[in-house]
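Quick note: the coordinates plus some simple rules give every number you see, no bench work behind them. Because the structure is predicted, anything quoted here is derived from the model rather than measured. Cβ atoms come from the backbone with ideal geometry, glycine included; neighbour counts cover every protein chain shown.
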Protein chains: 2
Amino acid sequence: MERVPILKIGDILLVSIQIDMSDQTAVTLQEDLAERIVATGCHGVIIDITALDIVDSFVGRMLSTIASISKVLDAETVVVGMRPAVAITLVELGLSLNGIRTALNVERGMELIAATRDDDPGYDDDPEGVESGTAATSP
Amino acid sequence: MERVPILKIGDILLVSIQIDMSDQTAVTLQEDLAERIVATGCHGVIIDITALDIVDSFVGRMLSTIASISKVLDAETVVVGMRPAVAITLVELGLSLNGIRTALNVERGMELIAATRDDDPGYDDDPEGVESGTAATSP
């Protein structure tokens with residue numbers, strides 16, 4: 001079975017979707033991505049869809065699910081590289097890509113994620129903060 | 001025809017190869033990459049082959065050609081994400097990937113390119129330098 005590679009760049013996980021997604025590939029990608037977010041502690045996921053000619057309801061739902069899973073794991077998701085024709089088709093089909101943020105390209109996606117993290121008052125730059133807080137009470 | 005997307009991240013062009021490369025796809029990728037190097041002035045190309053189960057002589061030659069083209073255009077090429085099994089097969093097949101530098105993952109590839117540029121005494125950080133040098137002699 002084909003697997004979509006997940007590339008770690010700094011605090012960001014980058015996924016470039018180039019193959020036709022089947023049910024199984026989509027589920028595997030969601031699982032792989034969730035595991036990598038937990039393993040790396042990354043706070044951002046960028047999904048590049050430059051290679052996709054069509055974003056149908058299946059792919060749209062997959063993107064929404066990934067964004068929701070990432071959100072629960074404290075990571076922002078940004079979809080980048082959408083072609084103009086894809087955007088037009090999405091609107092014509094009535095698909096709104098709920099909960100998905102978009103940016104023109106990878107660099108703007110990274111800026112968007114960085115800006116979001118900076119704006120969030122609850123964001124603690126030290127990932128060990130919570131753990132050390134609970135562990136420090138041992139006598 | 002399928003096209004391999006080229007993502008710009010800072011001073012680096014990132015290519016993640018996930019599809020089976022045909023003659024035409026390979027030629028298109030080489031042309032696209034050369035154009036993007038010239039258009040963006042990027043000094044590094046990272047080719048991710050995490051998704052490839054097999055690197056045969058065709059893919060090996062394509063990687064070498066890309067590295068040579070990039071070199072002429074003043075960009076370093078690093079191949080990242082090679083699987084252990086692929087490395088073993090490459091050696092068993094007697095393919096040496098001439099002129100290709102490798103790194104374990106994208107981040108290390110970026111470090112390698114940055115280190116190479118820093119070490120190069122002929123490297124001028126100002127891409128306009130050569131042009132302004134020739135244009136300055138007009139009376």
Measuring from a point 7 Å out along Cα→Cβ, what nm distances, shortest first, does B:ALA114 have to its partners in the other copies? 1.2
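Restricting to the range A:6-121, compute how many DSSP beta bridges are antiparallel as a %, nearest 5.
Given both bridge residues lie in the range A:6-121, the antiparallel proportion sits at roughly 25 percent.
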In terms of Cα to Cα distance under 16 Å, which lysines are near enough to A:LYS8, apart from those fewer than 8 places away along the same chain? B:LYS8
In debye, nearest 20: dipole of the range B:1-98 around its Cα centre with unit charges on the Cβ of K, R (+) and D, E (-)? 160 debye
Which of B:VAL38, A:VAL86, B:VAL72 has the fewest Cβ neighbours within 10 Å, and the rest in rising order: B:VAL72, B:VAL38, A:VAL86
The local net charge around B:LEU33, scoring Lys/Arg +1 and Asp/Glu -1 for residues other than B:LEU33 whose Cβ lies under 14 Å from its Cβ, equals -2
Could you tell me the largest-minus-smallest coordinate of the C-alpha atoms of the range B:1-83 on each of the three principal axes, in descending order and whole angstroms? 31, 25, 20
